[in-house]
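The structure appears right after this line, and notes come after that.
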Amino acid sequence: MKLLHSFISKYVDIGLSGKKLPIRGCLIDVGNDILVVHNGAQFIYIPTIHLQHMTLSEDPANNLTVKPEMPFDHSDIAYRKILMNAKGIFAEIYISGTQSVHGYVTSIMNDFFVFFSPVYRTVYVSLEHVKTITPYETNTTPYYLSQDRFPLQPTGTTLSRTFEQQLKKLIGELVVFDLGEDSNKIGRLNAVENNMLELITANGKHLFMHTSHVKTIHIP
């Protein structure tokens, strides 16, 4: 992504799809499919597929006087590699709107990954819908719980290679899509076929939707 390299070490405002306010910070690194920004306190990893616009900041607040130490290896930086490096590290995953979830990446498949959260437990996250990944400092735990109160537990469901195949494993289960942002996205998964799914909602209605619009899945 040589087009953006001239912005490295400069303060930028980044507009993302699904996010009302821009992200402001120092552009630290650029990969083919990911940007790295430091906002003065944390590193923010941004898949470029969601980049709507990036401009030089007119008000570069909180200037970095010393380049911060990278939390991950940035050689040949890429979205999937950052996820691999993030495994087992407490992080915030921002999905859309006001939605974010805190926890740990535990497994990475072809087009989704598994995220373990103390609130939602096992969450299946579509790779294409992640807007930002923000790792916390080493040894930080969710909600400052002690390690013995927050054991990192793997999912009890066997993992498939693709998001749609994983959905099929959940047929018959009560599921929550997109962290429950919409009550119509909570119900019993009745069928999954040819990128379409059928959900039976609380009032018994049959709701159909394309699987590409499912950002996250968890079982309550």
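General observations
- Accessible area, probe 1.4 Å, largest first, for residues 76, 111, 13: 76, 111, 13
- The aspartates and glutamates within cross-link reach of residue 215, meaning a Cα-to-Cα straight distance under 14 Å and a gap of 8 or more places when in the same chain, are 111, 128, 164, 178, 181, 182.
- Translational diffusion of the chain was estimated from the Stokes-Einstein equation, with Rh taken as the Kirkwood radius over Cα pairs; at 4 °C and 1.567 mPa s the coefficient is 70 µm²/s.
- Within a straight-line Cα-Cα reach of under 19 Å, residue 205 can be paired with the following lysines, leaving aside sequence neighbours fewer than 8 residues apart in one chain: 185.
- Unit Cα scatterers, Debye sum, the stretch 108-220: log10 I(q)/I(0) for q = 0.17 Å⁻¹: -0.85
- Between the stretch 1-62 and the stretch 72-134, the alpha-carbon center distance in angstrom: 18 Å
- Split the accessible area of the chain by element, probe 1.4 Å, and carbon with sulfur accounts for 50%.
- Per residue accessible area in Å² of the chain, where ligands, DNA and RNA are left out and the probe is 1.4 Å: 52 Å²
- Normalised by the number of residues in the stretch 163-218, the average gap of Cα pairs under 8 Å and 6 or more apart makes the relative contact order 32 percent.
- Under 14 Å from the Cα of residue 10 - aspartates and glutamates, other chains or at least 8 residues apart: 29, 58, 59
The values are calculated or read from the model by the stated rules, or taken from the named source; none is laboratory data. Computed from a prediction, not measured in an experiment: that's the story for all the values here. In case anyone asks, the SASA skips ligands and DNA or RNA and just uses the protein heavy atoms, side chains included. Shrake-Rupley method; radii C 1.70, N 1.55, O 1.52, S 1.80 Å.
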